[in-house]
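Asker: Structure below; questions to follow.
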Amino acid sequence: MSKYIMNPHLINNLKYDLRVYVLVTSYCPLKVYLYQDGLVRFATEPYTNDPKAIGAKFVHLTNFSINKKNTKFVKNNDKSDDEEDEGSSKWDFKMLENAFARQGQSFPKVFAEIKTIVLKTLISVETQITSQVMKNPTTRANCFELYGFDVMIDSNMKPWVLEVNVLPSLSSSSVFDKRIKTMLVCDALTIVGLKGYDKLEFKERDIADQFLQPFQQSMTLEELKYKKELNGSE
């Protein structure tokens, strides 16, 4: 069962949500890493809870895939000029923290509460996921998961989990997206322990190793003797 948040916290009279990235490397024991940056996605029309505007998707929905189609959508060019980027429809957490400060709100306090609801959400599925992982006959440390938590903050500064994405989009529609998501992937792979490699060098080495494989006899000695006895008239 889901509940519509009628009193979302607004910035510039616009509704917004947060995409919080969470890396889980183990469920038993539970090991969670919360990325310190993320995306703040804005609706592109001023918010109203007037029932007549219930179908206005640019008012109530914060999805990037929807709001980018609105002519009022403003792309974040990731420039050093914060004032210009703060007029955009997508922010990072630092920009949100600055906006909170101007409103007299504490971003660290809200982010601490977000950490709490992230942990509670993961604990709620810990038993089910652990039981599946334990069925692996080799090791429990053979996988990891990068989640995208969509979080909304209400007017009382209380965060709510809207949904959890198992496959959060890592595509980049702008330089701004690329910066955040590239650093995210780099950090995640570093924590997991995967190392980068030169694909061409690896391929060349693999081919060379194939030629260095020890000779494997395709015939037994008796088969070889029999072959020598054949004179072609058979």
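Values in this text are rule-based calculations from the coordinates and carry no lab data. Values in this document were obtained by computation on a predicted structure and should not be read as measured data. Because the Cβ atoms are built from the backbone with ideal geometry, glycine has one as well, and the counts that use them run over all protein chains shown.
Asker: Apply the Kirkwood formula to region 30-119: the hydrodynamic radius equals the inverse of the mean of 1/r over all pairs of different alpha-carbon atoms; give it in Å with one decimal. Walk me through the intermediate numbers first.
Answerer: Working: mean 1/r = 0.0667 Å⁻¹.
It is 15.0 Å.
Asker: For an R0 of 41 angstrom, estimate the FRET efficiency from the Cβ-Cβ distance between LEU194 and SER2 and round to the nearest 0.05.
Answerer: The formula returns an efficiency of 0.70 here.
Asker: Related question: Please find the FRET efficiency linking LYS52 to GLU163, where r is the Cβ-Cβ separation and R0 is fixed at 22 Å, and quote it to the nearest 0.05. Walk me through the numbers before you get to the answer.
Answerer: Working: r = 27 Å, r/R0 = 1.22.
E between LYS52 and GLU163, to the nearest 0.05, is 0.25.
Asker: Evaluate the distance, in nm, between pseudo-label points positioned 7 Å from the Cα of THR121 and of SER26 along their respective Cα→Cβ axes.
Answerer: 2.3
Asker: Considering the convex hull of the alpha carbon atoms of region 41-181, report its projected area averaged over all viewing directions, in nm², one decimal.
Answerer: Orientation-averaged projected area of the Cα hull: 11.2 nm².
Asker: What ranking do 165-171, 145-151 get when scored by the average of other Cβ atoms within 10 Å per residue, highest first?
Answerer: Result, highest mean first: 145-151, 165-171.
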